[in-house]
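K.L.:
Let me begin by handing over the structure; questions about it come next.
The values are calculated or read from the model by the stated rules, or taken from the named source; none is laboratory data. Values in this document were obtained by computation on a predicted structure and should not be read as measured data. Here the Cβ positions follow ideal geometry from the backbone for every residue, glycine too, while neighbour counts run over all protein chains shown.
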């Protein structure tokens with residue numbers, strides 16, 4: 001029954017996922033799906049749960065411990081009589097001992113308190129690490145999404161150019177059949193058409209690969225029906241208002257999780273140094289214990305016999321002198337629970353441990369903690385430099401992409417007019433096939449450069465806006 005329920009659950013999940021795959025995904029939906037299902041994020045969340053347990057455990061270390069002990073012993077031969085505390089021969093005994101013990105730390109150089117503070121910092125740092133992974137995945141998905149959009153437009157350009165070439169092949173073929181053009185012109189156009197067919201196949205492959213890459217980022221099963229919502233993206237302004245890279249960095253420095261995590265790790269290392277130094281401090285602790293036991297050899301007095309008088313001498317007149325001892329006890333069975341109640345003992349103690357020499361462990365721990373602190377400080381500096389470099393690079397790339405877009409846009413206007421003029425001259429035989437193909441290739445390359453610059457600029461601006469604290473949207 002359980003197997004059938006499990007199978008039905010799996011089938012239902014596949015059906016729902018398949019139905020979802022038939023719908024077009026927006027960028028926001030892709031990012032949200034990754035936030036909920038990405039394996040790296042789940043692993044990072046598990047690490048935070050591990051740190052939560054460490055923090056809880058360190059807090060519980062402030063509470064006195066309590067331990068119970070129990071022991072059963074069977075002995076034979078020469079056995080200690082638990083009543084007389086004398087050894088007996090050829091006896092068998094069964095004994096049970098029970099006890100409770102507790103101890104509490106009163107002072108140990110504040111190591112418990114500093115450990116709690118360190119674990120709190122480690123937990124906070126792990127939360128920031130989760131956010132860092134989410135940010136990286138979001139940016140990667142945005143890059144993959146824009147790559148698909150770029151490849152779609154590039155494919156459309158390739159198809160358009162191939163359609164134009166196909167029309168020229170058809171027109172030239174008619175002119176060759178009419179004897180107006182040499183067959184060489186047709187052969188050259190057909191070669192160009194074949195070359196553009198190859199470009200079309202390559203463009204289709206690039207689009208398919210980019211779709212596949214995005215599905216892999218989302219940890220989705222590969223589905224050829226996977227599709228995206230393609231929004232209309234406006235062309236960049238000729239002179240957009242871009243915030244300065246230094247201003248973006250100043251905002252990002254106070255908000256990016258990698259910086260916060262590095263700062264928290266540095267503070268954690270500072271607490272680690274305090275913990276190591278606490279090893280030089282004396283330890284003061286209190287302890288308590290409660291014990292009882294039972295033995296089947298142990299007996300108790302159940303009655304008393306009157307003692308007989310014993311002569312011990314005579315008086316001066318010759319009269320006998322007697323002594324009268326106490327009544328003689330008669331021993332019998334000593335029940336289990338009576339022994340447990342009567343044999344209790346308890347005690348408390350106060351202890352002091354002063355470290356004098358422990359194989360240089362304390363000094364070694366302090367030295368290693370100092371190294372860990374210096375490393376954490378360097379890591380913080382490295383994270384800040386890396387963040388500044390990333391923002392600077394995005395800003396420089398955005399400026400370069402904008403310049404490339406403006407230049408390509410101006411060139412495209414001239415190139416499109418030039419190609420129209422060349423196409424008309426080619427149709428009346430004033431331009432040969434080679435010149436026509438050169439003009440067409442230049443137009444296609446300029447269109448491709450324009451698209452590349454456009455999407456590169458959009459992505460770099462998204463990065464800058466993201467580091468300013470804006471969500472990634474299209």
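K.L.:
Limited to segment 196-236, what total is found for residues that are in contact (Cβ under 8 Å) with a residue 40 or more places away in the chain, part of a helix (DSSP H, G or I) and over 28 Å from the mean Cα position of the chain (by Cα)? Spell out the reasoning first.
P.N.:
If we filter segment 196-236 for residues that are in contact (Cβ under 8 Å) with a residue 40 or more places away in the chain, which is where we start, we get 199-200, 203-204, 206-207, 210-211, 213-214, 217-221, 223, 225-231, 233, 235-236.
Now drop any that are not part of a helix (DSSP H, G or I), which leaves 199-200, 203-204, 206-207, 210-211, 213-214, 217.
Keeping just the survivors that are over 28 Å from the mean Cα position of the chain (by Cα) gives 199-200, 203-204, 206-207.
Number satisfying all stated conditions: 6.
K.L.:
Kindly state which strands (runs of 3 or more DSSP E) lie completely within segment 290-348 and contain at least 3 residues that are at pLDDT 70 or above and within 21 Å of residue 86 (Cα to Cα). Working first, answer last.
P.N.:
Details: elements: 299-305, 310-314, 320-323, 328-333.
The strands (runs of 3 or more DSSP E) meeting that bar are 299-305, 328-333.
K.L.:
Please determine whether any residue of segment 445-458 is over 23 Å from residue 199 (Cα atoms), touching a residue at least 60 places away in the same chain (Cβ under 8 Å) and crowded, with 18+ Cβ neighbours inside 10 Å.
P.N.:
Applying the first criterion (over 23 Å from residue 199 (Cα atoms)) to segment 445-458 yields 457-458.
Next, from what is left, pick out any that are touching a residue at least 60 places away in the same chain (Cβ under 8 Å): 457-458.
Adding the requirement that they be crowded, with 18+ Cβ neighbours inside 10 Å leaves 457-458.
Yes.
K.L.:
Another question, if that's okay. Show the residue pairs meeting these rules: Cβ distance below 6 Å; 6+ apart or different chains; first residue within segment 334-358 and touching a residue at least 24 places away in the same chain (Cβ under 8 Å) and at positive phi; second residue surrounded by 10 or more Cβ atoms within 10 Å (Cβ to Cβ) and assigned to a loop (DSSP other than H, G, I, E, B).
P.N.:
Close Cβ pairs satisfying both conditions: none exist.
K.L.:
Now, a different point. Among the numbered criteria (1) modelled with pLDDT of 85 or more; (2) surrounded by 14 or more Cβ atoms within 10 Å (Cβ to Cβ); (3) part of a strand (DSSP E or B), which single criterion is violated by residue 91?
P.N.:
(1)
This table checks each residue for (1) surrounded by fewer than 19 Cβ atoms within 10 Å (Cβ to Cβ); (2) farther than 30 Å from residue 39 by Cβ.
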position: 57; (1), (2): yes, no
position: 67; (1), (2): yes, yes
position: 73; (1), (2): yes, yes
position: 87; (1), (2): yes, yes
position: 118; (1), (2): no, no
position: 161; (1), (2): no, yes
position: 166; (1), (2): yes, yes
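K.L.:
Right, something else. Before we move on, is residue 337 surrounded by fewer than 11 Cβ atoms within 10 Å (Cβ to Cβ) and more than 30 Å from residue 297 (Cα to Cα)?
P.N.:
Details: surrounded by fewer than 11 Cβ atoms within 10 Å (Cβ to Cβ): yes; more than 30 Å from residue 297 (Cα to Cα): no.
So residue 337 fails the test.
K.L.:
Please enumerate the residues belonging to segment 207-228 that are over 12 Å from residue 30 (Cβ atoms) and touching a strand residue (DSSP E or B) at 6+ places or on another chain (Cβ under 6 Å).
P.N.:
Scanning segment 207-228 gives no hits.
K.L.:
Let me ask something additional. Quick check, is residue 416 touching a residue at least 24 places away in the same chain (Cβ under 8 Å), closer than 29 Å to residue 254 by Cα and assigned to a helix (DSSP H, G or I)? Please lay out each step first, then the result.
P.N.:
Details: touching a residue at least 24 places away in the same chain (Cβ under 8 Å): yes; closer than 29 Å to residue 254 by Cα: no; assigned to a helix (DSSP H, G or I): yes.
For residue 416, the condition - touching a residue at least 24 places away in the same chain (Cβ under 8 Å), closer than 29 Å to residue 254 by Cα and assigned to a helix (DSSP H, G or I) - is not met.
K.L.:
From the list 128, 163, which one is more than 23 Å from residue 229 (Cβ to Cβ), in contact with a helix residue (DSSP H, G or I) (Cβ under 6 Å, 6 or more places away or on another chain), in a helix (DSSP H, G or I) and modelled with pLDDT of 90 or more? Outline the logic, then answer.
P.N.:
Values: 163 fails: in contact with a helix residue (DSSP H, G or I) (Cβ under 6 Å, 6 or more places away or on another chain).
Answer to the selection: 128.
K.L.:
A further question follows. With respect to residue 377, determine if the residue is over 20 Å from residue 136 (Cβ atoms), at pLDDT 90 or above and touching a helix residue (DSSP H, G or I) at 6+ places or on another chain (Cβ under 9 Å). Even if it seems obvious, please write down each step before you answer.
P.N.:
Working: over 20 Å from residue 136 (Cβ atoms): yes; at pLDDT 90 or above: yes; touching a helix residue (DSSP H, G or I) at 6+ places or on another chain (Cβ under 9 Å): yes.
The answer is yes for residue 377.
K.L.:
Given the criteria surrounded by fewer than 17 Cβ atoms within 10 Å (Cβ to Cβ) and under 30 Å from residue 266 (Cβ atoms), does residue 135 qualify? I'd like the intermediate steps shown before the answer.
P.N.:
On the way: surrounded by fewer than 17 Cβ atoms within 10 Å (Cβ to Cβ): yes; under 30 Å from residue 266 (Cβ atoms): yes.
Yes; evaluated as a whole, the condition is true for this residue.
K.L.:
Looking only at residues in segment 177-195 that are surrounded by fewer than 17 Cβ atoms within 10 Å (Cβ to Cβ) and not in a helix (DSSP H, G or I), which one is modelled with the highest pLDDT?
P.N.:
By that ranking, first place goes to 178.
K.L.:
Additional query: Can you tell me which residue within segment 424-438, out of those that are free of Cβ contacts under 8 Å to residues at least 24 places away in the same chain and assigned to a helix (DSSP H, G or I), is farthest from residue 145 (Cα to Cα)? Spell out the reasoning first.
P.N.:
Taking segment 424-438 first, the residues free of Cβ contacts under 8 Å to residues at least 24 places away in the same chain are 424-425, 428, 430-431, 435, 438.
Then keep just the ones that are assigned to a helix (DSSP H, G or I); that gives 424-425, 435, 438.
Values: 424: 39, 425: 41, 435: 37, 438: 33 Å.
Per the stated criteria, the residue is 425.
K.L.:
Taking segment 459-474, which residues are without any contact (Cβ under 8 Å) to a residue 12 or more places away in the chain and more than 27 Å from residue 408 (Cα to Cα)?
P.N.:
Residues of segment 459-474 without any contact (Cβ under 8 Å) to a residue 12 or more places away in the chain: 465, 470-471.
If the condition is that a residue be without any contact (Cβ under 8 Å) to a residue 12 or more places away in the chain and more than 27 Å from residue 408 (Cα to Cα), then 470, 471 are the ones that fit.
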